[in-house]
Amino acid sequence: MTWYESASTRPAHGPINLQNPTPPRRRLHPLPPPSRATTSRSPITAPRTPRGGGGGDGDGDAAYLLTATLPTSSHHLLFAIASSAGSLSRRAPYLRLWSTSARAILFLDSPPPPDFSLAALPPIAVSSDTSCFPYTFLRGLRSAVRVARIVKEAVDRNESDVRWFVFGDDDTIFFGDDDTIFFVDNLVRTLSKYDHDRWFYVGSNSESYEQNESGWFDMAFGGGGFALSHSLAKVLAGVLDSCLMRYPHLFGSDAKIFSCLAELGVGLTHEPGFHQVDIRGNLFGMLSAHPLSPLLSLHHLDSVDPFFPKMSKSQALEHLFKAVNIDPARILQQTVCYDRLNLLTISVAWGFSIQVFEGNLLLPDLLPLQRTFTPWRRGKNIGLSRYMFNTREYPKDPCKRAAVFFLQSIGSNDDGVWSNYTRNVVGNCEQTGAIKNLEQIRVFSQKLKFDIEQMKAPRRQCCTILSTFNKSMVLGIRQCGVDELISMHL
């Protein structure tokens, strides 16, 4: 059972125990803030080297050094998710998909409805009053101030053993806001590349050129989520209120955070796995050509179609997570096989789809995103919209498209991972040659486990056709040879 509390106070019983969330009842009305003085040594305030000389707490220093040298895990990431009592019931399915495996706190504008089930949701805190801060953006939402100030409220909780603070919306899937899904394991691996004791602001901008142009191209968009190292987050929390007073004219919370970080002299470290998803409709073109970076988050899920045919949005997300839960690092990773005998090009977006093209398509021609989606901003000039990535045409005539196979099932054992993909038939198209009777494709792979050095310099994996039959095909994904080229050897 989950509970909620006022974010204006830090709980007297210490940090939330996410494994056994049964704290005593507490008041919701504001209390005097506790003293900032503390004798505990958390990762936020601890020195980077042990104290020398006599009188030092040798055991404490040794414990700190041991903790500091341990690999970053999901325990070291604290997710602070912005939501509201009004949107919680609609966004709860997104949160339940990923937050059960994360250390997270859900910040609301008011207590949740008394009849709403809080099962499998993160602990809830009610944000403090922000009416003293000005907000002057015409037709904007004052809630931007509250959401920006969640950075300070999360840090001021003084939770123990936090290396990274991750912020997003309730419709973001971290793979945020309450409409964001985060991919937690991938985020842990990605942030492990960086020294959490140094100042890092990690995220990504919008897919839409116009959205970036209206703000800043080097700003992390809050819906896609962003991460702050604990050392930077503590400093930002100390000066944030003064920044909020200087930037009442900025529309969003992410712009306010960006501006304050800019005043601190900190720039964005770009990670393309964060996805604001400032596009609408069918995301097939985006999901089938993901960059080499691990998938970290997906936002604006209410504005896109279900990922899989003949499924609702929630069913499609649950289906995708069958693959995520088995091999999160490989999800959506694109690799290409070439069938030289039948002159076929096979593009695999692992855990999602496979496309089979007739002919020899060069790998660089498969990397641009097919324009299956529409721009974020609706209007008459849709065709003139610009994106922050290369795109290519998606034929309107389904008979001119590649044969598409969507994930049907997945399993794993000691030998590796098997994923099965079934053909999705659209239209009454006459096929010839090897594609005509192809109905199923099975893919064999090993679980993807990159170390930090490999994460710093990722390389696309290679693909081999293991066997072909009249109605099926078996592919194998593997590491490429040192000088192996992903191309058709004619």
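The values are calculated or read from the model by the stated rules, or taken from the named source; none is laboratory data. Here the structure is a predicted model, which is why all the values come from computation and not from measurement. So basically every Cβ, Gly included, is an ideal-geometry build from the backbone, and we count neighbours across all protein chains shown. The area values use the complete protein model at the heavy-atom level, side chains included, leaving out ligands, DNA and RNA. Shrake-Rupley method; radii C 1.70, N 1.55, O 1.52, S 1.80 Å.
A single entry from T180, T130 fulfils the requirement of being closer than 15 Å to S253 by Cβ and crowded, with 22+ Cβ neighbours inside 10 Å: T180. Considering only segment 209-229, how many residues are within 27 Å of S99 (Cβ to Cβ) and out of contact with any Leu (no Cβ under 9 Å at 6 or more places or on another chain)? So the count comes out to 4. Can you work out which of the residues in segment 189-239 that are part of a helix (DSSP H, G or I) and among the polar types (S, T, N, Q) is nearest to the chain's Cα centre (by Cα)? Within segment 189-239, the match that is nearest to the chain's Cα centre (by Cα) is T190. If only residues of segment 227-272 that are among the charged types (D, E, K, R) and open to solvent by 30 Å² or more (accessible area, probe 1.4 Å) are counted, the one that is farthest from R146 (Cα to Cα) is E263.
Residue count for segment 75-95 satisfying the condition of being basic (K, R) and in contact with a helix residue (DSSP H, G or I) (Cβ under 6 Å, 6 or more places away or on another chain): 0. Residues in segment 402-456 that are closer than 22 Å to H319 by Cβ and basic (K, R): R423, R442, K447. A count restricted to segment 462-479 and to residues that are more than 20 Å from G411 (Cβ to Cβ), under 27 Å from the mean Cα position of the chain (by Cα) and surrounded by 13 or more Cβ atoms within 10 Å (Cβ to Cβ) stands at 1.
Annotation note: of D327, D278, the sole residue that is at pLDDT below 95 and either of a type in the set (F, W, Y) or in contact with a strand residue (DSSP E or B) (Cβ under 8 Å, 6 or more places away or on another chain) (or both) is D278.
G224: under 30 Å from L369 (Cβ atoms), buried (at least 21 other Cβ atoms within 10 Å of the Cβ) and either in contact with a Phe, Trp or Tyr (Cβ under 8 Å, 6 or more places away or on another chain) or at pLDDT below 95 (or both), yes or no?
Against the criterion (under 30 Å from L369 (Cβ atoms), buried (at least 21 other Cβ atoms within 10 Å of the Cβ) and either in contact with a Phe, Trp or Tyr (Cβ under 8 Å, 6 or more places away or on another chain) or at pLDDT below 95 (or both)), G224 qualifies.
For (1) among the basic types (K, R); (2) touching a Lys or Arg at 6+ places or on another chain (Cβ under 6 Å); (3) in a loop (DSSP other than H, G, I, E, B); (4) surrounded by 19 or more Cβ atoms within 10 Å (Cβ to Cβ), each residue gets a yes or a no:
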site	(1), (2), (3), (4)
M286	no, no, no, yes
P291	no, no, yes, no
F307	no, no, yes, yes
S314	no, no, no, no
L320	no, no, no, yes
N325	no, no, no, no
T345	no, no, no, yes
Q355	no, no, no, yes
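Strands (runs of 3 or more DSSP E) fully within segment 384-453 that include at least 3 residues being surrounded by fewer than 16 Cβ atoms within 10 Å (Cβ to Cβ): 403-413, 416-424. Scoring A457 on the criteria (1) over 30 Å from L187 (Cβ atoms); (2) exposed (fewer than 15 other Cβ atoms within 10 Å of the Cβ); (3) out of contact with any helix residue (DSSP H, G or I) (no Cβ under 6 Å at 6 or more places or on another chain) leaves a single failure, condition (1). None of F405, F357 is touching a helix residue (DSSP H, G or I) at 6+ places or on another chain (Cβ under 9 Å) and aromatic (F, W, Y) except F357.
So if I check each of L341, L384, L301, which one is modelled with pLDDT under 95 and closer than 21 Å to I441 by Cβ?
L341
Residues in segment 267-283 that are of a type in the set (D, E, K, R) and under 24 Å from R198 (Cα atoms): E271 only. Within segment 105-127, restricting attention to residues that are assigned to a strand (DSSP E or B) and surrounded by fewer than 22 Cβ atoms within 10 Å (Cβ to Cβ), which residue is modelled with the lowest pLDDT? Once the filter is applied, the top-ranked residue is I124.
Considering (1) modelled with pLDDT of 95 or more; (2) more than 23 Å from the chain's Cα centre (by Cα), the lone condition that L369 does not fulfil carries the number (2).
Being assigned to a helix (DSSP H, G or I), among the small types (G, A, S) and open to solvent by less than 50 Å² (accessible area, probe 1.4 Å) is the requirement here; does G351 meet it?
Details: assigned to a helix (DSSP H, G or I): no; among the small types (G, A, S): yes; open to solvent by less than 50 Å² (accessible area, probe 1.4 Å): yes.
So G351 fails the test.
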